[in-house]
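A quick write-up on the structure given underneath.
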Amino acid sequence: MDRRQWLRTFAVFSAPTIGIALVTAGLAVPTVLLFRTDATTLDRWSKIGEALSPIGVFFSGVAFIGIALTLFLQGRELRNQREELTIAREEQQRSSEIALRELHTGLIRMAIDDPELRQVWPQMSSGAGVTKKDHYCNLILNLQKVAYETRTIELAELRGALSHLMESRDIYLFWQKVRAVRVQVTQGDEGEDFFTAEVDRAFAQAAPPAPRGLLSRLRDAVGR
């Protein structure tokens, strides 16, 4: 807590105590004088009090304004604290999501490097096995999602990046193969559904890639 915030908090919470002390003193002093002075002195003090009554009204108004200002400052302080707690919770949640995605990325990297581990992953569609390229395409798309969720890029930049990525034949075919399964897996998660819809939007606007020649297909078969 910095010095300025500490002073503001001290002023907010000490003002009621000072106000109560002043009110108590205002009641205690006349009471003591009432029991320790004679009638003549009390009459003189009474006349002085009547003459000074406007000053009392003034200070009463000042006290009322002070109490109202104190309540206002306390309310604003509480609102600021709630906003800070909300921001802290959002940051913690975002950090947890990023940590989970880093773990997911690590698992995919292991599958890319090890064919035996790659066989553990289920098929992305009927009769289609999971290849290194599929996992790599998944990592590329996942990077765009993390960049958007961490506010590194805006929505317009996300859409531009996805449109550009769909120009890749491999990414286009990857999404064509997994889109149905992806919708079933992410259904109900607002963030996942949003990203899936954005990728599908870019996929629908992209031109289907031209068929590959025999040499490219043989190369892909060897890679699998």
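So the values come out like this:
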quantity	calculated
Highest to lowest packing among 168-179, 97-108, scored as the average C-beta count within 10 Å	168-179, 97-108
Extension gain from residue 58 to residue 71, taking 0.36 nm per residue of separation minus the Cα-Cα distance	2.7 nm
Net charge over other residues, Cβ less than 12 angstrom from the Cβ of residue 94 (K, R count +1; D, E count -1)	-1
Cβ-based charge dipole, segment 63-167, positive-most Cα from 110, 81, 166	81
Rounded FRET efficiency, nearest 0.05, which uses the C-beta distance separating residue 81 from residue 192 and R0 of 22 Å	0.10
Total charge dipole magnitude, segment 80-181, about the Cα centre, Cβ charges on Lys, Arg, Asp, Glu only, Debye to nearest 20	360
Karplus 3J(HN,Hα) series, Hz, for segment 94-104 with 6.51 cos²θ - 1.76 cosθ + 1.60 (x for Gly, Pro)	5, 5, 5, 5, 5, 4, 5, 5, 5, 5, 4
Rg/Rh ratio calculated on Cα atoms of segment 62-209 (Kirkwood radius)	1.23
Whole-Hz ³J(HN,Hα) from phi, Karplus 6.51 cos²θ - 1.76 cosθ + 1.60, for segment 151-164, glycine and proline x	6, 6, 10, 8, 4, 4, 5, 4, 5, x, 5, 5, 4, 5
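Read-outs throughout are calculated quantities, based only on the coordinates presented, and are distinct from any laboratory measurement. In this text, all values refer to a predicted model and were calculated from it rather than measured experimentally. Glycine also receives a Cβ, built like all others from the backbone with ideal geometry; neighbour counts cover every protein chain displayed.
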